[in-house]
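Working notes, structure below.
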């Protein structure tokens, strides 16, 4: 799940603006009226669907870098490409509604399973089951290359939001626009070593659990029950039904799922090494590079005091808006598909 500048977002309102680096810059435009940069942020509410109103198309496979990637595709093949990236513990079904809305408006929508999820597989048994941010970012570039997509709008939340930010920061020439739930989620390992106030540390419980052998064994033994608990805690107002959860839970049966997840969180706490081939990218990301592509960030109830977007405003230097969704938890595209799709459409007009 997300952290900003070393701070977990699992605290549900316990964090402070200082935890995100002490930035006090103004947020940008609202979803209701496209006010100029630096203008007020307003909120919108939406009705949360208990079950998906749409289905994804058949899963395709493509060889891309280290992976054989499973993905869903919708919309015309010659439409403006949009790549939508899911998080943990979620999967591509978060985007069923968003995908249908965008496809109906003429976009070519690609929704891949991340490494360790669904039908995405490592091509070699010798490849490290690595969950670090630069590895997942390079997966996205490899997918774009495999599908002959030179540029795309990227959208994401949680791991997917971090990945989309990283791609936009490292390869802005490949990104025509960015929609990022929870804003600038790029990990800084040094910052993650700094202790937090006790109430904020409580939000890291699952990361500390994963840092232990007991936690790894527990997650392996109880993956679906564990992840359902995360869903409930991350989106307390979203009363999803069993069928909705089961649709996503099937993606956790991936043989590499546990290894990738455990490595991701241990790496973020500097308890597991990354791979040397990603060192240069990680150094660039650790420097908190500004993102210059047109961007819309989305804050939800899950983001606590960072919901207003002020903490990361200065890191987006191109055309920019910030939108706030009240009553919405962490899985924004699934809980508020119309609002997420609207952000994708609007960022293409920036």
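The values are calculated or read from the model by the stated rules, or taken from the named source; none is laboratory data. Because the structure is predicted, anything quoted here is derived from the model rather than measured. Positions of Cβ are backbone-derived with ideal geometry, glycine not excepted, and every protein chain shown enters the neighbour counts.
Taking the listed residues 190, 166, the one that is closer than 20 Å to residue 264 by Cβ and crowded, with 24+ Cβ neighbours inside 10 Å is 166, with no other qualifying.
Selection over segment 55-71 of residues that are under 21 Å from the mean Cα position of the chain (by Cα) and either free of Cβ contacts under 8 Å to residues at least 40 places away in the same chain or assigned to a loop (DSSP other than H, G, I, E, B) (or both) gives a count of 5. Among the residues of segment 254-272, is there at least one that is surrounded by fewer than 12 Cβ atoms within 10 Å (Cβ to Cβ) and over 30 Å from residue 173 (Cα atoms)? Yes, there is a match, as at least one residue in segment 254-272 is surrounded by fewer than 12 Cβ atoms within 10 Å (Cβ to Cβ) and over 30 Å from residue 173 (Cα atoms).
The requirement of being over 19 Å from residue 259 (Cα atoms), part of a helix (DSSP H, G or I), out of contact with any strand residue (DSSP E or B) (no Cβ under 9 Å at 6 or more places or on another chain) and modelled with pLDDT under 95 is not satisfied by residue 190.
Okay, residues lined up against (1) in contact with a strand residue (DSSP E or B) (Cβ under 7 Å, 6 or more places away or on another chain); (2) farther than 17 Å from residue 84 by Cα; (3) at pLDDT 95 or above:
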| position | (1), (2), (3) |
| --- | --- |
| 172 | no, no, yes |
| 178 | yes, no, yes |
| 199 | no, yes, no |
| 203 | yes, yes, no |
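Among the candidates 228, 323, the residue that is surrounded by fewer than 23 Cβ atoms within 10 Å (Cβ to Cβ) and either under 16 Å from the mean Cα position of the chain (by Cα) or at pLDDT 95 or above (or both) is uniquely 228. Out of contact with any strand residue (DSSP E or B) (no Cβ under 8 Å at 6 or more places or on another chain), part of a helix (DSSP H, G or I) and over 19 Å from residue 64 (Cβ atoms): does that describe residue 96? So residue 96 passes the test. Could you tell me which residue of segment 231-247 is surrounded by the fewest Cβ atoms within 10 Å (Cβ to Cβ), considering only residues that are assigned to a helix (DSSP H, G or I) and within 21 Å of the chain's Cα centre (by Cα)? Among residues in segment 231-247 that are assigned to a helix (DSSP H, G or I) and within 21 Å of the chain's Cα centre (by Cα), the one surrounded by the fewest Cβ atoms within 10 Å (Cβ to Cβ) is 246. In this entry, residue 87 is excluded by the filter for residues that are within 22 Å of residue 338 (Cβ to Cβ) and without any contact (Cβ under 8 Å) to a residue 40 or more places away in the chain. Assess whether residue 114 counts as being crowded, with 22+ Cβ neighbours inside 10 Å, modelled with pLDDT of 95 or more and assigned to a helix (DSSP H, G or I). Here the answer is no, as residue 114 does not meet what is asked. Residues of segment 255-273 that are in contact with a helix residue (DSSP H, G or I) (Cβ under 8 Å, 6 or more places away or on another chain) and outside any helix (DSSP H, G or I): 269, 270, 272, 273. Determine whether segment 304-320 contains at least one residue that is in a loop (DSSP other than H, G, I, E, B) and either surrounded by fewer than 17 Cβ atoms within 10 Å (Cβ to Cβ) or out of contact with any strand residue (DSSP E or B) (no Cβ under 8 Å at 6 or more places or on another chain) (or both). Yes, segment 304-320 contains at least one residue that is in a loop (DSSP other than H, G, I, E, B) and either surrounded by fewer than 17 Cβ atoms within 10 Å (Cβ to Cβ) or out of contact with any strand residue (DSSP E or B) (no Cβ under 8 Å at 6 or more places or on another chain) (or both). Consider residue 150 carefully, then state whether it is over 23 Å from residue 306 (Cα atoms), outside any helix (DSSP H, G or I) and at pLDDT 95 or above. Here the answer is yes, as residue 150 does meet what is asked. Residues in segment 274-296 that are closer than 30 Å to residue 259 by Cα and either touching a residue at least 60 places away in the same chain (Cβ under 8 Å) or part of a loop (DSSP other than H, G, I, E, B) (or both): 274, 275, 278, 281, 282, 284, 285, 286, 287, 288, 289.
Scanning segment 73-100 for residues that are over 23 Å from residue 142 (Cβ atoms) and surrounded by fewer than 20 Cβ atoms within 10 Å (Cβ to Cβ) yields one hit, 76.
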